[in-house]
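The values are calculated or read from the model by the stated rules, or taken from the named source; none is laboratory data. Predicted model only: the values in this text are computed from it and were never measured. Don't worry about glycine lacking a Cβ; one is built from the backbone with ideal geometry, like all the others, and counts go over all protein chains shown. Surface accessibility is based on the protein's heavy atoms, side chains included, excluding ligands, DNA and RNA. Shrake-Rupley method; radii C 1.70, N 1.55, O 1.52, S 1.80 Å.
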Amino acid sequence: MHSSVVQAINDHQEQLVSNWKKEMARVQEEYFKNSLPDDLVFTNNEEFIDVLYSSVRLERSEAEGKIKHFAERLIQTDWPLSYFTQGMQAFRRIVTAYIVPYINNAEEDSMNLIVEVEEWVDAIVNQLVDDYSDSWVKTLELQQMALNELSAPLIPVFEKVSVMPLIGAIDTERAKLIMENLLDGIIQHRSQVVLIDITGVPVVDTMVANHIIQASKAVRLVGAECILVGIRPEIAQTIVNLGIDLSTFPTKSSLRKGIESALELTQRKMVRIEHGAEWRA
Amino acid sequence: MRIPILKLSHYLLISVQVDLDDQTALQFQEDLLSKIHEEGSTGVVIDLTSVDMIDSFIAKVLGDVVEMSNLMGAKVVLTGIQPAVAITLIDMGIMLEEVPTALDLEQGLEKLQQELEG
Amino acid sequence: MSIQSSVEVQTEWGIVSARQAGRNLAKEIGFGGVDQARITTAISELARNIYLYAEKGEIVIEAVEETRGAQKKKGIKITAKDRGPGIKNIREVMEDGYTTSGGLGAGLPGVRRLMDDFDVDSVMEEGTTITAIKWLR
């Protein structure tokens, strides 16, 4: 920024800061309807103006680092981005209104000064918006990753028997992932029977049913079998009302019954141990 | 190129280790059928663990081999179909529904035993 | 990216080498195992169609890039070209189970399902060009 502008901003620091704080109080009332906690607004305002002032004096890269650091701290506390943009706009209004009359001398055209202040403010706003949107993108990616990991675990419960609980809505992208997890898990755990539990799937429409049928056919190709469990009454109704044919698909109402028939399929069964047997014999 | 066919008492074991081209697949079909005829085998396990692609032609040859062997009195189990291969087949609409499958050679032999004895 | 390879399909060995070229490029672009299998299988189907119906032709496999808005997509494009008899009724060959060769009739409709973009351009007595693209997710 031009040195005369810097100088002016520095020379009038006290007045500018106090004007800016008044302006921010108005913003807090009118724009945020006092929804932000007053004490935080106070401390954040203090730091904001401090960062702004030091950024005027520092080298460009240093100033960027300082602003980034401040922004990151506020991003972590979910502080709204509009607080920053409003704050920067307020500062611009104050500076242009206050300073221009003072430095309007022969060499400096006041229009140029306004442009310089604009550019400086815009650069900071851009940086803030970038920092914020980067952090949103990062959060989204992390959530997507977390969701994908949660998406479809294959849990080995007995030798040769595994369970895959499905939770949440199933779209095409997720169905692909589920299929891959399912098949890889079967190979990894050498499962002969997989119970797919759809208790946690809110809606089973033709598309979801189709994905499940496709998955079970792929499971058969790699050499295992599927049993569909956890079919709630309303799901059974929609399946039949939609005319989805699951008649060739082994189904059981509950996970427990599914496990029993999985054990049967692998030539095993559960027996109760008779505690009295020893002394009776 | 020829795919080796191993004999284990009444069973025949085949582990396909090469990228299946059409000629090899057809040659294999012929070799297997004459081996079943020669040995009077009752069961066949074809292990596909090392096969990384099955297109509609190879799928047709495999399906045919299973059907033809059944006609000659030998049950066939396909084993070790890789997840990526299975997904691709399903995408193509090829289900191989009549063909028995098992996870690996060991479970394939178990399955044959069950089907022939039980 | 300008990686491109072209394979003549005139014998059954052409089918195998087209497949291998496809798998190598798919791996290089960064496709996962399942998509590699899908791409290789699609190439196999297209190459076999050339071999069966046109006797000879070529398969071109190339890496492609597309920028849509701020997002850059990478993908693999397969082009199958022949100067064979052409396809009389495209709608018919795209139906599941339609076959003139005694196969499973899963060829072209299968390729369409395995890939993301699919396009057939055929002129009777002049030849057929089929393009199919798979995008990296």
Residue C:95 versus (1) buried (at least 16 other Cβ atoms within 10 Å of the Cβ); (2) at pLDDT below 90; (3) in contact with a Pro (Cβ under 9 Å, 6 or more places away or on another chain); (4) within 12 Å of chain B (Cβ to nearest Cβ): which is the lone unmet condition? (1)
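Per-residue answers, yes or no, for (1) over 20 Å from residue A:98 (Cβ atoms); (2) hydrophobic (A, V, I, L, M, F, W, C); (3) not assigned by TED's automatic domain parsing to the domain that holds residue A:133:
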{"site": "A:25", "(1), (2), (3)": "no, yes, no"}
{"site": "A:33", "(1), (2), (3)": "yes, no, no"}
{"site": "A:36", "(1), (2), (3)": "yes, yes, no"}
{"site": "A:40", "(1), (2), (3)": "yes, yes, no"}
{"site": "A:55", "(1), (2), (3)": "no, no, no"}
{"site": "A:63", "(1), (2), (3)": "yes, yes, no"}
{"site": "A:75", "(1), (2), (3)": "yes, yes, no"}
{"site": "A:84", "(1), (2), (3)": "yes, yes, no"}
Tell me which residues, restricted to the stretch A:243-281, are farther than 21 Å from residue A:217 by Cα, modelled with pLDDT under 85 and assigned to a loop (DSSP other than H, G, I, E, B). A:274, A:275, A:276, A:281
Candidate set from the stretch C:39-54 (those that are among the aliphatic types (A, V, I, L, M) and in contact (Cβ under 8 Å) with a residue 60 or more places away in the chain); member that is most open to solvent (accessible area, probe 1.4 Å): C:54
Against the definition (more than 8 Å from chain B (Cβ to nearest Cβ) and open to solvent by less than 10 Å² (accessible area, probe 1.4 Å)), how does residue C:57 come out, yes or no? no
Mind listing whichever residues of the stretch B:1-28 are open to solvent by less than 40 Å² (accessible area, probe 1.4 Å) and not in a helix (DSSP H, G or I)? B:3, B:5, B:11, B:12, B:13, B:14, B:16, B:20, B:21
Just give me the residues in the stretch A:197-246 being under 26 Å from residue B:110 (Cα atoms) and more than 14 Å from every other protein chain (Cβ to nearest Cβ), in sequence order. A:227, A:228
Among residues belonging to the stretch A:189-215 that are within 13 Å of residue A:163 (Cα to Cα) and open to solvent by 10 Å² or more (accessible area, probe 1.4 Å), point out the one that is modelled with the lowest pLDDT. A:199
Say we look at the stretch C:1-34 and pick out the residues that are assigned to a helix (DSSP H, G or I), over 14 Å from residue C:78 (Cα atoms) and facing another protein chain (nearest Cβ under 9 Å); which of these is most open to solvent (accessible area, probe 1.4 Å)? C:13
Test set (1) of a type outside the set (Gly, Ala, Ser); (2) within 24 Å of residue B:21 (Cα to Cα); (3) crowded, with 18+ Cβ neighbours inside 10 Å; (4) modelled with pLDDT of 90 or more - residue C:118 fails condition number: (2)
In the stretch A:175-188, what residues are more than 10 Å from chain B (Cβ to nearest Cβ) and crowded, with 18+ Cβ neighbours inside 10 Å? A:175, A:178
Exactly one condition in (1) without any contact (Cβ under 8 Å) to a residue 60 or more places away in the chain; (2) over 35 Å from the mean Cα position of the chain (by Cα) is not met by residue A:263; state its number. (1)
Flagged in the stretch A:2-20 as surrounded by 16 or more Cβ atoms within 10 Å (Cβ to Cβ) and not aromatic (Phe, Trp, Tyr), in numbering order, are A:4, A:5, A:8, A:9, A:12, A:16, A:17, A:19
Is it fair to say residue C:45 is closer than 23 Å to residue B:23 by Cβ, of a type in the set (D, E, K, R) and away from chain B (no Cβ under 14 Å)? no
Considering the stretch A:35-51, residues that are farther than 14 Å from residue A:87 by Cα and part of a helix (DSSP H, G or I), and then whichever is least open to solvent (accessible area, probe 1.4 Å), we arrive at A:40
If I filter the stretch C:60-69 down to residues being within 14 Å of the chain's Cα centre (by Cα) and of a type outside the set (D, E, K, R), which single residue comes out as surrounded by the most Cβ atoms within 10 Å (Cβ to Cβ)? C:61
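So that you can scan it fast, the table gives a plain yes or no per residue for (1) open to solvent by 90 Å² or more (accessible area, probe 1.4 Å); (2) in the same structural domain as residue A:170 (by TED's automatic domain parsing); (3) not β-branched (Val, Ile, Thr):
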residue: A:219; (1), (2), (3): no, yes, no
residue: A:222; (1), (2), (3): no, yes, no
residue: A:225; (1), (2), (3): no, yes, yes
residue: A:235; (1), (2), (3): no, yes, no
residue: A:238; (1), (2), (3): no, yes, no
residue: A:245; (1), (2), (3): yes, yes, yes
residue: A:249; (1), (2), (3): no, yes, yes
residue: A:252; (1), (2), (3): no, yes, yes
residue: A:274; (1), (2), (3): yes, yes, yes
Where in the stretch B:29-118 are there helices (runs of 4 or more DSSP H), lying wholly inside it, with at least 3 residues that are surrounded by fewer than 23 Cβ atoms within 10 Å (Cβ to Cβ) and away from chain A (no Cβ under 14 Å)? B:56-71
